[in-house]
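Below: the structure, in structure tokens.
What follows draws every value from the coordinates through simple rules; no lab data is involved. Being a predicted model, the structure only gives us computed values, none of them experimental. Glycine gets a Cβ as well: all are built from the backbone with ideal geometry, and neighbour counts include every protein chain shown.
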Amino acid sequence: MNYKVLARKYRPQNFQELIGQDILVNTLKNALNDGRLAHAFLLTGIRGIGKTTTARIIAKAFNCEGNNNNKPTFEICNNCGPCNAITKGNSLDVIEIDAASKTGVDNIREIIESVMYSTNEMRFKIYIIDEVHMLSTAAFNALLKTLEEPPNNTKFIFATTETKKIPATIISRCQRFDLKRIDDEVLINHLKSICVKEDITVDDKSLKQISSSSEGSMRDALSILDQAAALSNNQIQIKELRQLLGIRSKLDFIKLYKFCLDSEASEALNYYYQLIQDATNPADILNSLISICSDACKFVVNNNLLDEHVDEFKKISEHGITKLLRSWQVLIKGLDETKNGTNQIEIVSIIIVKLCYTSSAPMPEELIKKLDKKILNNSTNQTSTKTIENKSIDQKTATSDSFKNDKTYQPLKNENKVDSENKTSLNTFEELLTFLIENREALLHAQLVNNVVIDSFKRGKISMKISENCSFDVVKNLSKFLKDKTGLKWVIEELQTTNNKTYQEIKDINFEKEKKEIESDPIINEVKQLFPNAEIKDIE
């Protein structure tokens, strides 16, 4: 006795038996009842979703003759000659073509030539072209005219998983239906009804696992159910099912993810290699971690979105959404790395290590708090120093005041005399630079900073070496400026050699020195690890 697999045995034979495609069914129902029938249909969707099955049901709807019907109908009888012929696949007027094996323009020419002939025994001649995206460009071009204006008794039905590979000129000539993935709840209920008919005992966890593994594909779900029933003698248990599918409990991957979030790299690696030893695919491990990370983020946003392993996700959510999103970035980037690499086991192991050490890095808000605390401590120390200085000044002032109040005290002759020259007292080169800026001498200031090397600076006398790059008469302009502003004639000596450097060079050297000291700080090191491209541009 030949056994018929469940996927074929329970293949829908009419619109009422189509599972999870309500929009398509209602649209075709109204179109058939109103006579608004397109001449070409395009059915798209993932594998095992029912594209070819739907195409055959549409062919039956066009040709069913049951109940003395003389026009296309939604109520398919499945008992008349056309229905039986289409079900058995031996109808002369419903031609199924596999475009994966017949891709050339010659195959399409055969269709174009046969279209012109009338039907043999049915109301309509139906061409069902499966995997239509496999046709060559020339084949698509040859089909265009016939597809747009076929004979009245001819209909085309295309099925494909790759809509993007079909020319827009073809798609625009068809009525398109996107068959959606079957919802888990609908799929589980359908599997339960089949298990009752087939006398298969199965628990709810196994049904959920079958639904999850099939990814919304009915054919995949029935194939897994068929295989699991054969393995367990119609007594399906979740443990045997997972062994059959080569997958582990979700709790195993939650445990691995928690190791990573807790920065326990050694434990995470050991557990990862244990999973590998148990024949778990490294890509499946990575995808499971991504799924758990996604569930954890959703749980943080709204804990009502999950109904299993709630206690575990509560513990994970304590790490905070920022850390979870950071781990998400590592995992998603790792997914691309595994696609481009050859040794997936080692690639995923390094991704896990990276995830562990990324989790141990301080969060931005923690770094900000540390920096704020350090700045506060520094400012406190500076305030203490200033307080001591101010106390010293206050003591001096108090002493001075006490002398003044003392009638026996006689000040020196010039003590209270203000020297008018002190108002423009320039005792250092830095004071001179500040004085130039205050008097809007920007050009002279720039030359002194960048192109002049000061060898010595005293009030009334400056020794300097002028760079060859200087195209400005520094000596003349500086002498005039100082005489006008200070009332003194300054002696400016121009030297040929000196071991000193320009003010800007000295400033750059000091900046680099301070920069190295700052970069050696542990907190700054942590910041640079998190932001590798960050640089210290200025120090205040």
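Of the listed pairs K258/K339; K258/K298; K461/K483; K258/K528, which have alpha-carbon separations greater than 19 Å here?
The pairs that break the limit, which is 19 Å between Cα atoms, are K258/K339; K258/K528.
Shape call for the range 168-326 from the C-alpha gyration tensor, a ≥ b ≥ c root eigenvalues: rounded (a/c under 1.5), prolate (a/b greater than b/c) or oblate?
Since a/c reaches 1.5 but b/c is at least a/b, the shape of the range 168-326 is classed as oblate.
At a temperature of 25 °C and a viscosity of 0.890 mPa s, determine how fast the range 184-245 diffuses translationally according to Stokes-Einstein, using the Kirkwood radius over alpha-carbon pairs as Rh; express D in µm²/s, rounded to the nearest whole number.
The Stokes-Einstein estimate is 222 µm²/s.
Can you give the helix-only mean residue ellipticity at 222 nm for the chain, where every DSSP H stretch with n ≥ 4 adds -39500 (n - 2.57) and the sum goes over all residues, rounded to the nearest 500 deg cm²/dmol?
The helix contribution divided over the chain gives -18000 deg cm²/dmol.
So how much slack lies between E346 and I23, counting 0.36 nm per residue of separation and subtracting their Cα-Cα distance, in nm?
Gain in length upon complete extension: 111.7 nm.
Strictly over 30 Å apart at the Cα level, which of K9/K205; K165/K323; K192/K314; K239/K314 would you flag in this model?
Pairs exceeding 30 Å: K165/K323; K192/K314.
Hey, can you grab everything whose amide H is under 5 Å from the amide H of I157? Only 5+ residues off in sequence or another chain; H modelled, so Pro and N-termini drop out.
Amide H neighbours of I157, under 5 Å, 5+ apart: F41, Y127, I128, I129.
Under the rule a/c < 1.5 gives rounded, and otherwise a/b versus b/c splits prolate from oblate, where does the chain land using the Cα gyration tensor?
prolate
How large is the convex hull of the C-alpha atoms of the range 250-360 per residue, in Å³?
Dividing the Cα hull volume of the range 250-360 by its residues yields 87 Å³.
For the range 422-540, what class follows from the C-alpha gyration tensor (a ≥ b ≥ c being the square roots of its eigenvalues): rounded when a/c is under 1.5, otherwise prolate if a/b is larger than b/c, else oblate?
prolate
Residues with amide H under 5 Å of R176's amide H, sequence separation 5 or more or different chain, H placed in the peptide plane at 1.01 Å from N; which?
Close amide H contacts, sequence-distant or interchain: L42.
Could the peptides 291-297, 246-252, 82-88 be put in order, highest first, of the mean number of other beta-carbon atoms found within 10 Å of their residues?
291-297, 82-88, 246-252
Whose amide H sits under 5 Å from the amide H of I462, counting only residues 5 or more places off or on another chain, with H placed in the peptide plane?
The answer is V491, I492, E493.
How do the peptides 36-43, 452-459 rank, highest first, by the average count of neighbouring beta carbon atoms within 10 Å per residue?
So the peptides 36-43, 452-459, ranked by packing, come out 36-43, 452-459.
Calculated FRET efficiency, N450 and E517, Cβ-Cβ r, R0 45 Å, to nearest 0.05?
0.95
How large is ³J(HN,Hα) for each residue in the range 158-168, as worked out from phi by the Karplus curve 6.51 cos²θ - 1.76 cosθ + 1.60 (θ = phi - 60°), to whole Hz, x for Gly and Pro?
9, 10, 7, 9, 10, 5, 5, 8, 9, x, 4
What ³J(HN,Hα) values, in whole Hz, does the Karplus curve 6.51 cos²θ - 1.76 cosθ + 1.60 give for the range 45-59 when θ = phi - 60°, with x put for Gly and Pro?
x, 6, 5, x, 9, x, 5, 5, 4, 5, 4, 5, 5, 4, 4
Tell me, what HN-Hα J-couplings in whole Hz come from the Karplus equation 6.51 cos²θ - 1.76 cosθ + 1.60 at θ = phi - 60° for each residue of the range 435-445, using x for Gly and Pro?
Going residue by residue, I get 5, 5, 5, 4, 9, 6, 9, 5, 5, 5, 4 Hz, with x marking Gly and Pro.
Need the list of aspartates and glutamates near K480 for cross-linking: C-alpha distance under 13 angstrom, and skip anything on the same chain fewer than eight residues off.
Once the sequence-local aspartates and glutamates are set aside, what remains near K480 is E441.
Say R0 is 22 Å: what FRET efficiency, to the nearest 0.05, do K71 and Y117 get from their beta-carbon distance?
My answer for the efficiency is 0.50.
Summing +1 for each Lys or Arg and -1 for each Asp or Glu, what net charge is found among the other residues whose Cβ lies under 9 Å from the Cβ of N427?
Taking every Cβ under 9 Å from that of N427, the sum is +1.
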